[in-house]
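Read the structure below first, then the notes.
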Amino acid sequence: MSSLTKKDCFIEGHWVPTDKRFSVTNPATGDVLAEVADADEDLTQRAINVAETALKSWRKKTARERAVLLRKWYEAMMENKQALGELMSAEQGKPVAEAVGEVEYGASFVDWFAGEAERIDGDILPNADSSKRVMVTKEPVGVCAAITPWNFPNAMITRKIAPALAAGCTIVVKPPQLTPLSSLALAQLASEVGIPDGVINIIPTSDAKTVGKRLATSPKVRKLSFTGSTGVGKILMQQCSEHVTKLSLELGGNAPFIVFDDADIEQAAEQLIACKFRNGGQTCVSANRILVQKSVAEKFTDTVVSKVKGLKVGPGTEEGVDLGPLIDQDAVDKVQRLVLSAKSDGATIETGGSVMTELGDLFYAPTVLTGVTDDMDISEEEIFGPVVAINTFESEEEGIEKANNTPFGLASYFAAKDTARIFRVSDALEYGMVGVNTGGISHAYNPFGGIKESGVGREGSKYGIDEYLELKTVTLGGLG
Ligand SMILES: O=CCCC(=O)O
């Protein structure tokens, strides 16, 4: 284990142990990696109080000072990307090369928001009354809280901490119980590069309900950012109403991946594989419903099946592995339930469809199903596993209608060549993000987020910092 493996809570720049602890295991082997400190409600409150105290001086730092510290943190992450990637792979299961890629992606948010810190500006508005001058300034929202998921243990943390710090806010982070080690390693690096004590506080816990509620209902917390399920997002939204706490939610999706008859089939299949099997399908923007125009369905399916058969599954530490294990037994059970229920409702398993017991209990074979229909559970639920579920449609209108037929609106994808169709379909899709002829839509420059039951607010991009800023209007009178 590297020296970046920390096991205690990180509060006010100190490692704070607790008597009660919980185990973090490696999903590939079942080995216990660490017994991690288990924050309770009192420790959560302590972290909030510390963040409130630290806010006083952090918000007064110049934009340049905040940017310089964020850049140092970025550089420390890049210098340690291999160790951070190996730690992430051990706790989360994704292949080491993919985990290192996530560290680079996570670090890119720190780099990006270091730049944004120096671009926070204001306005002087046109006068309605010549004796007045109206100025609009932007101020940090205050103490922030972040609740993050296990599927991206690094990038989902930095995508929240970096804009918060750039804006002049301090933060308390509740990392996921399954993968807290990456966040603690990031805290260690932040401390080493001189980010002041109390600006970042990390409180791992096995009691997400209590800690989450305290974060959402404390009047000292002025902003909560959550990435996770729609069910939990709705609870947090209710809890945040108590003190009208500002809220960003990045919730579940049910992404369509539409393949039209004019698509480049080989390229569409390649992009689908990249999108679908990223993190073994455990990604909120994973293609979930593969909608293929009937006239090209056979050719597309054959291409996809042959590519899926070539994917290598194994422990994340093994060279050349494309997919690691799923995160836990619940995840495997869910994928298996969806596959078997689709089969019993009439779908065909073209490849895969079972646990690869020769590798371990959590390795699920990359799977392709055909004959999937809209009313199957696999079309209605987020699979969060390595399953390509192919459904077909006749006309462009039908394809769009099927794609939009969901309460979710996070990511969507389609493959087509005709320019008019590309604009028509992009306009018609009711989603926060649309990938055209690409399965890769995530980048620090791009606004990330959804509509409908997939959430509120945007992360990353030039818009992401606004979530951590409040506008103040100063009207100066008596100038006439
Ligand atoms: O699963 C959530 C985030 C994935 C991404 O940023 O592309």
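Estimated from helical segments only, the mean residue ellipticity of the chain at 222 nm is -12000 deg cm²/dmol, where each DSSP H run of four or more residues counts as -39500 (n - 2.57). The range 177-207 and the range 16-79 have Cα centres spaced 2 Å apart. Taking the Cα atoms only, what angle lies between the long axis of helix 181-192 and the longest principal axis of the chain, rounded to 10 degrees? Orientation of helix 181-192: about 30 degrees from the principal axis.
For the range 39-78, the Kirkwood hydrodynamic radius from C-alpha pairs, put into Stokes-Einstein at 37 °C and a viscosity of 0.692 mPa s, yields a diffusion coefficient of 275 µm² per second.
Kirkwood hydrodynamic radius, computed over distinct alpha-carbon pairs, for the range 378-446: how many Å, to one decimal?
The answer is 13.3 Å.
Computed over the alpha carbons of the range 320-405, Rg followed by Dmax gives 13.9, 45 Å. Each of the chymotrypsin sites (Phe, Trp or Tyr not before Pro) that DSSP puts in a loop and that has at most 16 other Cβ atoms within 10 Å breaks the chain; the longest unbroken stretch is 1-444.
Output the relative contact order of the chain, whole-number percent, from Cα pairs under 8 angstrom with separation of 6+ residues. Write out the running numbers ahead of the final one.
Working: 1147 pairs, mean separation 87.4, N = 480.
Contact order relative to length: 18 percent.
For the range 226-371, the spread of Cα positions along the three principal axes, ordered from largest to smallest, is 55, 40, 34 Å. Calculated on the alpha-carbon coordinates, the convex hull of the range 416-480 measures out at 172 cubic angstrom per residue. Ranked by the mean number of other Cβ atoms within 10 Å of their residues, highest first, the peptides 215-221, 192-198 fall in the order 215-221, 192-198. Can you work out the base-10 log of I(q)/I(0) for the chain at q = 0.06, 0.09, 0.12, 0.13 1/Å, using the Debye formula on its C-alpha atoms alone? For the chain, the Cα-only Debye profile gives -0.28, -0.62, -1.04, -1.19. The packing ranking of peptides 140-148, 262-270, highest mean first, is 140-148, 262-270, where packing means the average number of other beta carbon atoms within 10 angstrom of each residue. Where the alpha-carbon atoms of the range 1-103 are placed on the principal axes, they occupy 47, 34, 18 Å, in descending order. Just how many % of Cα pairs in the range 352-480 lie over 19 Å apart, if you round to the nearest whole percent? Counting every Cα pair in the range 352-480, those more than 19 Å apart make up 65 percent. Here is the list for the range 80-148: trypsin sites (Lys or Arg not before Pro) lying in DSSP coil, each with at most 16 other C-beta atoms within 10 angstrom of its C-beta, are R119, K132. The range 235-313 and the range 412-480 have Cα centres lying 18 Å from one another. The convex hull around the C-alpha trace of the range 81-215, projected and averaged over every direction, spans 10.4 square nanometres. Taking loop as defined by DSSP and a crowding limit of 12 other beta carbons within 10 Å, which GluC sites (Glu not before Pro) in the range 410-467 fit? Answer in residue order: no site qualifies. The DSSP beta bridges internal to the chain are antiparallel in roughly 45% of cases.
Read-outs throughout are calculated quantities, based only on the coordinates presented, and are distinct from any laboratory measurement. The shown structure was predicted, so the numbers you read here are calculated from the model rather than taken from an experiment. Please note: Cβ atoms are built from the backbone with ideal geometry, for glycine as well, and neighbour counts cover all protein chains shown.
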